[in-house]
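To keep things clear, I will list the structure first and then write my remarks on it.
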Amino acid sequence: MPPRGWPVELREGEILLRPLRRQDEAVWMQLRAQNAAWLARWDATSPVPMTGRRPTFGQFVRTLDRQARTGDAMPFAVEYAGDLVGQLTVSGITYGSLYSASIGYWVSQHVAGRGIIPTAVAMATDHAFGPLRLHRVEINIRPENAPSLRVVQKLGFRDEGVRERYLHIQGEWCDHRTFALTTEDVPAGLLARWRRTQHTQA
């Protein structure tokens with residue numbers, strides 16, 4: 001039986017969330033190379049030194065596929081106007097007494113600031129609260145990451161404070177601020193609220 005709510009494609013205008021595929025390798029690798037400096041300060045790393053070869057893109061996608069098949073994650077490619085421009089992953093999907101998940105994302109600098117990631121996060125959050133039946137979604141952001149802070153501020157995520165030494169990045173344990181929403185915060189859906197916000201600001 002496939003996991004609840006996956007695979008799926010989510011679309012809003014020119015923005016599409018779809019499963020990441022092995023065929024994305026060339027474009028994905030090019031984007032990551034072009035945006036290496038832009039993303040390095042925020043990308044999580046392992047505190048354990050890597051031995052041997054780095055995983056190939058195919059191995060990376062297979063790992064994400066396994067997590068998706070077991071219902072632990074939803075690894076989305078982010079498309080804008082038909083082009084791959086980033087990635088969004090719903091991870092740490094937990095049920096039991098929690099019904100929660102985390103969202104992480106990156107987008108190419110050349111399309112940053114166009115509302116792509118706020119819209120993508122809104123779609124993914126609604127999917128988590130809808131078909132996945134989750135109760136809570138959180139996003140953890142380094143306090144220095146101004147572009148990402150603007151995303152959660154635009155969407156009205158609740159600031160729940162700082163988690164000290166939360167995530168390993170570039171050789172050190174870095175503080176992160178946690179932002180969250182629960183289903184009670186957006187009874188009509190986050191995407192609908194984001195649309196209203198954009199309309200008001202237009």
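The values are calculated or read from the model by the stated rules, or taken from the named source; none is laboratory data. Because the structure is predicted, anything quoted here is derived from the model rather than measured. Note: ideal-geometry Cβ built from the backbone for every residue, glycine included; neighbour counts use all protein chains shown.
Observations on the model:
- Complete set of residues in the range 12-44 that are in contact with a helix residue (DSSP H, G or I) (Cβ under 8 Å, 6 or more places away or on another chain), in a loop (DSSP other than H, G, I, E, B) and at pLDDT 95 or above: GLY13, LEU20, ARG21, ASN35
- Number of the exception - GLN153 against (1) without any contact (Cβ under 8 Å) to a residue 12 or more places away in the chain; (2) within 14 Å of the chain's Cα centre (by Cα): (2)
- Summed over the range 174-196, residues that are part of a strand (DSSP E or B) and free of Cβ contacts under 8 Å to residues at least 40 places away in the same chain total 4.
- GLU138 meets each of the listed conditions (1) among the acidic types (Asp, Glu); (2) over 20 Å from PRO7 (Cβ atoms); (3) touching a residue at least 60 places away in the same chain (Cβ under 8 Å) apart from (3).
- Residue match in the range 153-166 (condition: in contact with a strand residue (DSSP E or B) (Cβ under 7 Å, 6 or more places away or on another chain), surrounded by 15 or more Cβ atoms within 10 Å (Cβ to Cβ) and at pLDDT below 95): yes
- Subset of the range 45-96 [surrounded by 13 or more Cβ atoms within 10 Å (Cβ to Cβ) and in a loop (DSSP other than H, G, I, E, B)]: THR45, GLY71, ASP72, ALA73, TYR95
- Some residue of the range 123-145 being acidic (Asp, Glu), assigned to a loop (DSSP other than H, G, I, E, B) and over 13 Å from the mean Cα position of the chain (by Cα): yes
- Residue match in the range 131-142 (condition: within 27 Å of ARG66 (Cβ to Cβ), touching a helix residue (DSSP H, G or I) at 6+ places or on another chain (Cβ under 8 Å) and polar (S, T, N, Q)): no
- Selection status of ARG163, assigned to a loop (DSSP other than H, G, I, E, B) and not β-branched (Val, Ile, Thr): no
- Filter result for the condition that a residue is touching a Ser or Thr at 6+ places or on another chain (Cβ under 8 Å), under 26 Å from ALA40 (Cα atoms) and surrounded by 20 or more Cβ atoms within 10 Å (Cβ to Cβ), over VAL137, VAL121: VAL137
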